[in-house]
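The values are calculated or read from the model by the stated rules, or taken from the named source; none is laboratory data. Given the structure is predicted, the values throughout are model-derived calculations rather than measurements. Cβ atoms come from the backbone with ideal geometry, glycine included; neighbour counts cover every protein chain shown. These area figures cover heavy atoms from the full protein model, side chains too; ligands, DNA and RNA do not enter into them. Shrake-Rupley method; radii C 1.70, N 1.55, O 1.52, S 1.80 Å.
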Amino acid sequence: MKKALIIGSNSSSSKFDNGMVIRQAIIERTLRTKGFEVEVFQSDLKLKESSFDLVVTLSVRRIGLAFRLANQNSGVWIDFCDSWIYQRFSWNTGTRLNLVGFIECFILLRHRTKMKHCKVTYVSSFDVEFDHVLHRILSISNPTVLKNSNKPISVKKSPVSSRRLVFVGNGKYFPNILATLELSLLIGPRISSKNNRHKINIYGKGWPRWMKLLPNISLHGYIAEDELYLSS
């Protein structure tokens, strides 16, 4: 049986039900349906024990590791998922992610000659098109789309009378805390006026109670997805 190794990101390896955890599960399921025996990377994996037909990485920062674990006959699959340029260098990207982007840019350029032989995937055609400059620089000729779901989703317009700002996430995931602080203290004051004060509605479990003390924040706790997205 063919063997595949998945090297996840810090986010996809977490215990939270976030987008990258779902993405890694979809890739693992896709490989199994193609007849692969799948192993997920562990930090104690020894390089000399690696013998894989395919090495998959969901993290730009672990591309070098993917090439080290792949032998001469192994294929390498890089899943960017979302547009890398949009994540790191769009107008609303913060300074911290800009810095990460510059670090990852160095990694991408360092492995430029190897990447043109890799399988590269994204979650949507929009993300593929947004990264067309990156593909040209790295000589990536055929990026493809691997959707998170093949099932058509029909969502009707919410019946609420007014538009709201909504943030959905697990409060125990520290980057969500940082994002909420930024929404409350930096973005909230910029989009609010004396006559129109916007509240940021936070949904999800695990949020600390002190978040209620932040300006412009309204905590709602956990709510089922069908009620959150379809009815409210």
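Scanning the stretch 87-99 for residues that are under 18 Å from D127 (Cα atoms) and assigned to a loop (DSSP other than H, G, I, E, B) turns up S90, W91, N92, T93.
Within the stretch 86-102, identify whether any single residue is surrounded by 20 or more Cβ atoms within 10 Å (Cβ to Cβ) and hydrophobic (A, V, I, L, M, F, W, C), and answer yes or no. Among the residues of the stretch 86-102, not one is surrounded by 20 or more Cβ atoms within 10 Å (Cβ to Cβ) and hydrophobic (A, V, I, L, M, F, W, C), which makes the answer no. Across the stretch 52-61, the number of residues qualifying as within 16 Å of T30 (Cα to Cα) and open to solvent by 10 Å² or more (accessible area, probe 1.4 Å) comes to 3. If we keep just the residues of the stretch 125-142 that are without any contact (Cβ under 8 Å) to a residue 40 or more places away in the chain and not hydrophobic (A, V, I, L, M, F, W, C), which is most open to solvent (accessible area, probe 1.4 Å)? Within the stretch 125-142, the match that is most open to solvent (accessible area, probe 1.4 Å) is R136. Given the condition in a loop (DSSP other than H, G, I, E, B) and basic (K, R), answer yes or no: does some residue in the stretch 47-54 qualify? No, the stretch 47-54 contains no residue that is in a loop (DSSP other than H, G, I, E, B) and basic (K, R). Does the stretch 62-70 contain any residue that is assigned to a loop (DSSP other than H, G, I, E, B) and surrounded by 15 or more Cβ atoms within 10 Å (Cβ to Cβ)? Within the stretch 62-70, one or more residues are assigned to a loop (DSSP other than H, G, I, E, B) and surrounded by 15 or more Cβ atoms within 10 Å (Cβ to Cβ).
Tell me which strands (runs of 3 or more DSSP E) are completely within the stretch 100-214 and hold 1 or more residues being modelled with pLDDT under 90, or say none if there are none. Those strands (runs of 3 or more DSSP E) span 165-168, 200-203.
Can T33 be described as open to solvent by 70 Å² or more (accessible area, probe 1.4 Å) and of a type in the set (S, T, Y)? Spelling it out, T33 is indeed open to solvent by 70 Å² or more (accessible area, probe 1.4 Å) and of a type in the set (S, T, Y). Looking at E227, is it within 23 Å of N18 (Cα to Cα), out of contact with any Phe, Trp or Tyr (no Cβ under 9 Å at 6 or more places or on another chain) and modelled with pLDDT under 80? Answer is yes for this residue. Please enumerate the residues belonging to the stretch 77-113 that are aliphatic (A, V, I, L, M) and under 19 Å from the mean Cα position of the chain (by Cα). Across the stretch 77-113, the qualifying residues are I78, I85, L97, L99, V100, I103, I107, L108. The lone criterion from (1) among the charged types (D, E, K, R); (2) assigned to a helix (DSSP H, G or I); (3) free of Cβ contacts under 8 Å to residues at least 60 places away in the same chain left unmet by R23 is number (3).
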